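To start, the structure itself, in structure tokens.
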Amino acid sequence: MTTHKVGHLIGSLAKGLINRKLAKALVRLAPSELEMSEISFNDLPLYSYDYDANYPPVGKAFKAAIAAVDAVLFVTPEYNRSIPGGLKNAIDWASRPCGSNSFAHKPSAVIGTSPGAIGTAVAQQNLRSVLSFCNSPQMNAPEAYIQFTPGLVTDDGEVTNVGTAEFLRNFMTEFHAFIARVRSVLPKNA
Ligand code: FNR
């Protein structure tokens with residue numbers, strides 16, 4: 001069995017809220033070929049290219065964590081119809097210094113949840129634009145705009161709605177297939 005390491009980034013800096021629950025659910029529902037681990041970015045300072053000449057240890061560690069995985073899953077809230085500033089800051093850190101973009105050729109997928117009816121759709125489109133510039137091959141479909149209703153996912157990541165659980169399981173199955181396809185033509189560090 002070929003396994004793939006997947007790092008997931010949770011766009012929210014808030015503790016214990018709905019996108020963290022969704023991430024837990026996705027970890028539970030992922031096929032066994034995907035080795036899931038969270039990559040935290042909470043300790044990163046605000047990025048400036050003044051750091052490029054001498055990246056601080058926290059920036060190096062974040063880039064190393066991205067480099068160590070085969071694929072990245074973004075689980076993000078929507079803030080003011082875009083992605084939270086903390087997540088954008090983390091992507092900026094990983095994309096630099098110029099010439100060492102950690103996302104290049106790294107397969108990714110995007111998902112998110114909000115109480116609103118469009119379930120982070122606009123934030124996800126913004127994120128897709130950023131990831132395109134970062135040259136990350138993205139899973140185009142299925143898209144996943146999850147409207148969070150009270151109790152939809154427990155604190156432990158159990159999805160209480162059967163249809164939603166099946167949808168999310170299929171999302172992770174498709175992500176596995178996408179990662180395998182990308183890795184068959186784009187070896188790591190290509
Ligand atoms: C929000 N929220 C929100 N929701 C949405 O669907 N579209 C939006 O544009 C926004 N904008 C927004 C801005 C800011 C600054 C905050 C704090 C919140 C509400 C948001 O979906 C809700 O707080 C979620 O609970 C955030 O996800 P986490 O942090 O709980 O995972």
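A single entry from L22, L44, L29 fulfils the requirement of being under 22 Å from P150 (Cα atoms), more than 14 Å from the chain's Cα centre (by Cα) and modelled with pLDDT of 95 or more: L29. Pairs are defined by a Cβ separation below 6 Å, a sequence spacing of at least 6 or placement on different chains, a first member in the range 102-131 that is in contact (Cβ under 8 Å) with a residue 40 or more places away in the chain, and a second member that is in a loop (DSSP other than H, G, I, E, B) and more than 12 Å from the ligand (Cβ to nearest atom); the pairs so defined are H105/L186; H105/A190; K106/S136; P107/P137; A109/M139; I111/A144.
Here F41 meets the list (1) assigned to a loop (DSSP other than H, G, I, E, B); (2) out of contact with any Gly (no Cβ under 8 Å at 6 or more places or on another chain) almost entirely, failing just condition (2). Scanning the range 68-103 for residues that are part of a loop (DSSP other than H, G, I, E, B), over 26 Å from T173 (Cα atoms) and within 12 Å of the ligand (Cβ to nearest atom) turns up N80, R81, P84.
Kindly check whether there is at least one residue in the range 46-58 that is among the hydrophobic types (A, V, I, L, M, F, W, C) and surrounded by 12 or more Cβ atoms within 10 Å (Cβ to Cβ).
Just the residues of the range 46-58 that are among the hydrophobic types (A, V, I, L, M, F, W, C), to begin with: 46, 53, 58.
Right, trim to surrounded by 12 or more Cβ atoms within 10 Å (Cβ to Cβ) and you get 58.
Yes, that holds for at least one residue.
Applying the criterion of being basic (K, R) and away from the ligand (no atom under 16 Å from the Cβ) to the residues of the range 1-45, the residue that is surrounded by the fewest Cβ atoms within 10 Å (Cβ to Cβ) is K5.
Specify the residue that is farthest from N19 (Cα to Cα); the eligible residues are those in the range 104-122 that are away from the ligand (no atom under 16 Å from the Cβ) and surrounded by 21 or more Cβ atoms within 10 Å (Cβ to Cβ).
Looking only at the range 104-122, we keep the residues that are away from the ligand (no atom under 16 Å from the Cβ), and these are 104-109.
Of the ones still in play, those that are also surrounded by 21 or more Cβ atoms within 10 Å (Cβ to Cβ) are 106-109.
Values: K106: 22, P107: 21, S108: 17, A109: 15 Å.
Here the residue is K106.
The values are calculated or read from the model by the stated rules, or taken from the named source; none is laboratory data. Keep in mind it's a predicted model, so treat the numbers as computed, not measured. A quick note on method: Cβ atoms are made from the backbone with ideal geometry, for glycine too, and the neighbour counts reach across all protein chains shown.
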